[in-house]
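Please read the structure below before turning to the comments.
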Amino acid sequence: MPPPAASARYPSPSQPSGKSEVTDLKSQLRQLAGSRAPGVDDSKRDLFKKVISYMTIGIDVSSVFGEMVMCSATSDIVLKKMCYLYVGNYAKGNPDLSLLTINFLQRDCKDEDPMIRGLALRSLCSLRVPNLVEYLLGPLGSGLKDNNSYVRTIAVTGVLKLYHISASTCIDAEFPATLKSLMLHDSDAQVVANCLAALQEIWSLEASHSEEACREKESLLSKPLIYYFLNRIKEFNEWAQCLILELAVKYVPSDSNDIFDIMNLLEDRLQHANGAVVLATVKVFLQLTLSMTDVHQQVYERIKSPLLTLVSSGSPEQSYAILSHLHLLVVRAPFIFASDYKHFYCQYNEPSYVKKLKLEMLTAIANESNTYEIVTELCEYAANVDIEIARESIRAVGKIALQQYDVNAIVDRLLQFLEMEKDYVTAETLVLVKDLLRKHPQWSHDCISVVGGISSKNIQEPKAKAALIWMLGEYAQDMSDAPYILENLIENWEEEHSAEVRLHLLTAAMKCFFKRAPETQKALGIALAAGIADFHQDVHDRALFYYRVLQYDVHVAERVVSPPQQAVSAFADTQSSEIKDRIFDEFNSLSVIYQKPSYMFTDKEHRGPFEFSDELGNIPITPEASSEIVPAQQYEANDKDLLLSTDEKDDNKGLSSNNGSAYTAPYESSNISSQMQELAISGPAASATTTQSSFDFDDLLGLGLSTASVPTPSPPLLKLNPRASLDPRAFQQKWRQLPISSTQEYSVNPQGIAALTVPQSLIKHMQSHSIHCIASGGQSPNFKFFFFAQKEAEPSDYLTECIINSSSAKAQIKVKADEQSTSQAFATVFETALSKFGMP
Amino acid sequence: MNRLFVCFHGNGRRKQASNQGEGITRQSCDSIRREMLQCIFLLSDSGEVMLEKQLTGHRVDRSICAWFWDQPDSFKSLPVIASPTHYLFQIVRDGITFLACTQVEMPPLMAIEFLCRVADVLSDYLGGLNEDLVKDNFIIVYELLDEMIDNGFPLTTEPNILREMIAPPNLVSKMLSVVTGNASNVSDTLPSGAGSCVPWRPTDPKYSSNEVYVDLVEEMDAIVNRDGELVKCEVYGEVQMSSQLTGFPDLTLSFANPSVLEDMRFHPCVRFRPWESHQVLSFVPPDGQFKLMSYRVKKLKNTPLYVKPQITSDSGTCRVSVLVGIRSDPGKTIESITLSFQLPHCVSSADLSSNHGTVTILSNKICTWTIGRIPSDKTPCLSGTLALETGLERLHVYPTFKVGFKIMGIALSGLRIEKLDLKTIPPRLYKGFRAQTRAGEFDVRL
């Protein structure tokens, strides 16, 4: 038979005009439908291809549904596949027509060719038309019994699809039981793997309302079953291996022999060519050994080289995923990777997302032995053609300088950057020099002499300008022309667009004034006048505040604005250790890539991660707000530590919010609140003497000092079971699974600290309050305890991690609870108990 | 670093003994596995959706591609992206973006690794990857995806198995001309799987002549820093094989000096124990071409070539001279030597020439010097001047020179194959061995 139209044989790839073309196709298909002439399949193929190509580019070809179905009565497998594809795409929209489809799909399910049987069954289950589920049962049932494993594999997945269309139909047909027996007895590994995947999902979803499903779900994690899978893991394909490894992660081993058995079984998986298998294995190893510190350490050593190999042998995308995970491990155990620093050297051609992670890695593993090489390497990147990487490298050098004790060589390097006369290099370096001076004021002499030589005209970036101005104010006595540079800058007040810079100008002018009053007086006057007239609220407020404090008493003003310098001992880490732990628990998941635990970005279905990051960036300044947002509380706690040691709050924020994650909220959004905090913090030093002043400090104080000073409303007292018990494994399991319900920091009274010389005494003390210790450790000054308690008359547990630092007399506690609602009450009980420690 | 060592107390264990029932009441809140990948898109280099494959009941609207394409480049290039509604995984191969979407937590590497496999398989099937190839063969692509992933979970990605289920495009047309309109041409060989525990090998291939080739393919990665110091020099190598052997061959490959190898990764066919105990690769090979193992040899002392760049700048012009020569003779000819570098943006014009080979400067300021082989009578030298933008006195941003070379017949790591044994020797067996080394990431910084 001749083809109906020449044009159909050679479909033009150009854009079809739409409707008329579709109508054309329709009539052509109709002509072919009944034909049995030789070569008709060829013509059909061309037409089908055309239909599907339209579908692919987004043209609606659902109107030829009927004709497609009619034409699909063929034995040509490629035609069948095209038809299945088409039907799968449009069946949902045409439930009436899909009844037609069912007919021929059901017939195909009985075809003698196993491939057609399989494909037809897959398409049948993929139709997902709810009112047609009854037609699925027969084909699925026989598919599960098919003698060809390809068909069985598809049937098993089909059961899962059926479950999602109609759970009750699936359960009533007792498919889960069939799957279970297939899982245990089928000879084909892929069938077994698909059974496992399907059963995991079905039973997890059923578990909420069925006792039996709950038991079945638990039984998947039973020892015989786990070993059944692990012993034959090599028979499975790589993806199924991932599935089994993920199951193994949830398994709670009975004893250490069990742990070693599993690790021995899985050790060669670490050398698998598929990175996903390697990473899943690594997760099993890490989770299994969490409680065995020294073995855990050995695990790090063991997994190190496979991971490093993966980084350097895969595509950049794979490297990125692996590096994100390595980053987590490196941060947890930098010393293990310290000698492998060369793995993280950046090659010129790597994409910048890989380079950025490598820079973070180099920063994390820098220690006494390798700092010199690492910094030398980083300095080469500063001259890199890629400006963003050059900047990141300089920041990395700065971070290393801040985390090291011996910064001698690094300071020289940093100062050399200033000689490169590249504006962005200078800008980044100035910010770093400022941070460095805040931590190591002893370097001021060397730094200031170099910084003094930089012309402020060459610096445009607000952050760098602010840093320079801060140094001018702070070291006004060492820089002979500081007042004049400031004066110059103040005279150009109107041209200064950044509020941050103007705020710093005000403060620097004040500081300079206290040190060199006669030279600065005029400039300060201009600055305050310009500031008070400033349209920016913060600038205006600060200028007015300075003005009034000066008016009240110059000495008080000096104590407020320019208190004696105190070196910052440690800058706030961007992530609390709690968050890091959570991410670690979620190893081999998206959390690692985002550097955030999943509860911060996945809980709400339609909520993008952007919204969450906004919450993170906004430091709540009222207690009500903070009580809702756990991560924000964490940040706030960190911020307070900082505030105690520095009066330059906003700089610090800039440093700490700059963790390289793509999802950090823009820094600007938190500016206002941090400014307020800064004011508030300047307050306490002065409040004693300025209470009568016209300026009401109390308001500011109340605003700035949030949770810590506001007493928590006392919740109803909680009764604890004095004879509670929990075995360590169950504790570990729970600790891994439960979210943190509360994190607190308390001061421990001096008597308590004294009594802590015998850590056992705390354990006894807490026990007398029905809070039991399950594990403890540490050496002075850091002690770590794990406690648990149980609600009276109810099997509801509270787990607590308590870290006490005896030198700072602080206790940090983290509470996890079965019942979130009473966790606050428990925290209160815990605090009360702890506060009585050491008391007679 | 403050490490807190935690030990379990004895009393905890006692409690466990007295209260066995405790563990059962624990709630487990392990996450529910849902379909993993929900949809795969193939985008052309202009952002056009070439192909869309929905994998689950949760349809992903293709508007997500438009959203993705509109993101700023620095964000869009990330392999894992969170869109307002989905997590996106992407890899880019030859201008084609493979984009996968999911709404649930899943191992990111699994998604990326899977996409890499899809790209490999497609390029294998289509004989390369580009927009036209994908568009012309989209039916094949659909067929492949259909077998590679079901309900969002990866299924079969082994090329040898796929090849049996879906004939590659040229074969399809060939077959069609022979058996027009006939029943499925592949169903007879549908991998039965049952009874076979070698998922990577077809059931019973038959060849009239049996051939097996082993290639050592190595890439040298090196960094020479500004002081001319070799800060990193290592070789990444692969043992690539091509096997056409009848039946169920059992092979053993041994090296003369396996101790140089580090960080090995093996094809699933390699048995782990013989390697552990004797450093011998024992395996039943897949049919056709495959990568048997990859390895790394670290801390090499020397690169075969040296590159000595020098730049001096003076009042707005820079004098450049780069010398390239043989540092340690590998014993075989070093071929295809190239040197390329990006001229800094502040260079307004460049006048570079060489005494050997050709120098080209592209409009994007990438300068490539093609040297070929090192002549015996002179040292290749690139020299000339760079004019800087007005106002600049000196050069502050320095280029990195990327070195390329190829050496046939030798593995620079020093790894040598000792022998390849077959347990049962088939008739007309031919074994072949080759080696080559080329430059991987060989950076010389200035």
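The values are calculated or read from the model by the stated rules, or taken from the named source; none is laboratory data. Please read these numbers as outputs of a predicted model, since none were measured by experiment. Reconstructed Cβ throughout: ideal geometry from the backbone, glycine too, with neighbour counts over all protein chains shown. Remember, those area values only see protein heavy atoms, side chains included, never the ligands or the DNA or RNA. Shrake-Rupley method; radii C 1.70, N 1.55, O 1.52, S 1.80 Å.
Observations on the structure shown:
- Residues in the stretch B:145-168 that are assigned to a helix (DSSP H, G or I), within 11 Å of another protein chain (Cβ to nearest Cβ) and modelled with pLDDT under 85: B:Ile161, B:Glu164, B:Met165.
Okay, residues lined up against (1) open to solvent by less than 10 Å² (accessible area, probe 1.4 Å); (2) closer than 20 Å to A:Ser498 by Cβ; (3) touching a residue at least 12 places away in the same chain (Cβ under 8 Å):
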site: A:Gly525; (1), (2), (3): no, no, no
site: A:Ala530; (1), (2), (3): no, yes, yes
site: A:Ala533; (1), (2), (3): no, yes, no
site: A:Asp538; (1), (2), (3): no, yes, yes
site: A:Arg548; (1), (2), (3): no, no, yes
site: A:Tyr552; (1), (2), (3): no, no, yes
site: A:Ala557; (1), (2), (3): yes, no, yes
site: A:Gln565; (1), (2), (3): no, no, yes
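- A:Phe785 falls short on exactly one of the conditions (1) assigned to a helix (DSSP H, G or I); (2) closer than 25 Å to A:Arg736 by Cβ, and that condition is (1).
- Options A:Ile485, A:Ile454, A:Ile459; residue that is over 19 Å from A:Ser562 (Cβ atoms), open to solvent by 10 Å² or more (accessible area, probe 1.4 Å) and among the aliphatic types (A, V, I, L, M): A:Ile454
- Selection of the stretch A:240-261 for residues being aromatic (Phe, Trp, Tyr) and touching a residue at least 12 places away in the same chain (Cβ under 8 Å) yields only A:Tyr251.
- Matching residues, the stretch B:99-139, being touching a residue at least 12 places away in the same chain (Cβ under 8 Å) and under 14 Å from the mean Cα position of the chain (by Cα): B:Ile112, B:Phe114, B:Leu115, B:Cys116, B:Arg117, B:Val118, B:Ala119, B:Asp120, B:Val121, B:Ser123, B:Asp124
Condition check ((1) touching a helix residue (DSSP H, G or I) at 6+ places or on another chain (Cβ under 7 Å); (2) in a helix (DSSP H, G or I); (3) farther than 15 Å from A:Leu415 by Cα; (4) among the polar types (S, T, N, Q)) across all residues:
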| position | (1), (2), (3), (4) |
| --- | --- |
| A:His445 | no, yes, no, no |
| A:Lys463 | yes, yes, yes, no |
| A:Gln477 | yes, no, yes, yes |
| A:Leu489 | yes, yes, yes, no |
| A:Glu500 | yes, yes, yes, no |
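- Every residue from the stretch A:269-320 that is under 16 Å from A:Asp585 (Cα atoms), away from chain B (no Cβ under 11 Å) and part of a helix (DSSP H, G or I): A:Thr281, A:Val284, A:Phe285, A:Leu286, A:Gln287, A:Leu288, A:Val299, A:Tyr300
- Residue-level check: of (1) more than 11 Å from chain B (Cβ to nearest Cβ); (2) open to solvent by less than 40 Å² (accessible area, probe 1.4 Å); (3) modelled with pLDDT of 85 or more, A:Ala401 misses just (3).
Okay, residues lined up against (1) free of Cβ contacts under 8 Å to residues at least 24 places away in the same chain; (2) among the charged types (D, E, K, R); (3) not assigned by the TED database to the domain that holds A:Val501:
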residue: A:Leu378; (1), (2), (3): yes, no, yes
residue: A:Ile387; (1), (2), (3): no, no, yes
residue: A:Ala390; (1), (2), (3): no, no, yes
residue: A:Ala396; (1), (2), (3): no, no, yes
residue: A:Gln416; (1), (2), (3): no, no, yes
residue: A:Lys465; (1), (2), (3): no, yes, no
residue: A:Leu472; (1), (2), (3): no, no, no
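- Scanning the stretch A:75-94 finds one or more residues that are more than 12 Å from chain B (Cβ to nearest Cβ), out of contact with any Leu (no Cβ under 6 Å at 6 or more places or on another chain) and either modelled with pLDDT under 75 or surrounded by fewer than 18 Cβ atoms within 10 Å (Cβ to Cβ) (or both).
- Among (1) farther than 30 Å from A:Tyr251 by Cα; (2) more than 33 Å from the chain's Cα centre (by Cα); (3) without any contact (Cβ under 8 Å) to a residue 60 or more places away in the chain, the one test that A:Ser806 misses: (2)
- Listed by position, the strands (runs of 3 or more DSSP E) inside the stretch B:48-134 whose residues that are surrounded by fewer than 17 Cβ atoms within 10 Å (Cβ to Cβ) and either of a type in the set (Asp, Glu) or more than 7 Å from chain A (Cβ to nearest Cβ) (or both) number at least 2 form an empty set.
- One residue from A:Arg128, A:Arg117, A:Arg122 being part of a loop (DSSP other than H, G, I, E, B) and either open to solvent by 40 Å² or more (accessible area, probe 1.4 Å) or in contact with a Gly (Cβ under 8 Å, 6 or more places away or on another chain) (or both): A:Arg128
- In the condition set (1) buried (at least 23 other Cβ atoms within 10 Å of the Cβ); (2) under 30 Å from A:Ser456 (Cβ atoms); (3) without any contact (Cβ under 8 Å) to a residue 24 or more places away in the chain, A:Phe344 is compliant with all but (2).
- When residues of the stretch B:392-446 are limited to those that are among the basic types (Lys, Arg) and part of a strand (DSSP E or B), the one modelled with the lowest pLDDT: B:Arg445
- Matching option when the condition is modelled with pLDDT of 85 or more and hydroxyl-bearing (Ser, Thr, Tyr), among A:Thr507, A:Thr520: A:Thr507
A quick yes/no check of all residues on (1) farther than 30 Å from B:Gln244 by Cβ; (2) of a type in the set (Ser, Thr, Tyr); (3) open to solvent by 50 Å² or more (accessible area, probe 1.4 Å):
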residue: B:Val322; (1), (2), (3): yes, no, no
residue: B:Thr333; (1), (2), (3): yes, yes, yes
residue: B:Ala350; (1), (2), (3): yes, no, no
residue: B:Ala411; (1), (2), (3): no, no, no
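- Scanning the stretch B:266-320 for residues that are open to solvent by less than 40 Å² (accessible area, probe 1.4 Å), β-branched (Val, Ile, Thr), part of a strand (DSSP E or B) and more than 12 Å from chain A (Cβ to nearest Cβ) returns B:Val280, B:Val307, B:Val320.
Okay, residues lined up against (1) farther than 27 Å from B:Val324 by Cβ; (2) part of a strand (DSSP E or B):
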position	(1), (2)
B:Lys206	yes, no
B:Tyr213	yes, yes
B:Asp227	no, no
B:Val231	no, yes
B:Ser259	yes, no
B:Met264	yes, yes
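- Filtering the stretch A:121-134 for residues that are touching a strand residue (DSSP E or B) at 6+ places or on another chain (Cβ under 7 Å), polar (S, T, N, Q) and under 22 Å from B:Ile161 (Cβ atoms) leaves an empty set.
- Just one residue in the set A:Ser449, A:Ser369 is open to solvent by 20 Å² or more (accessible area, probe 1.4 Å) and in a helix (DSSP H, G or I); that residue is A:Ser449.
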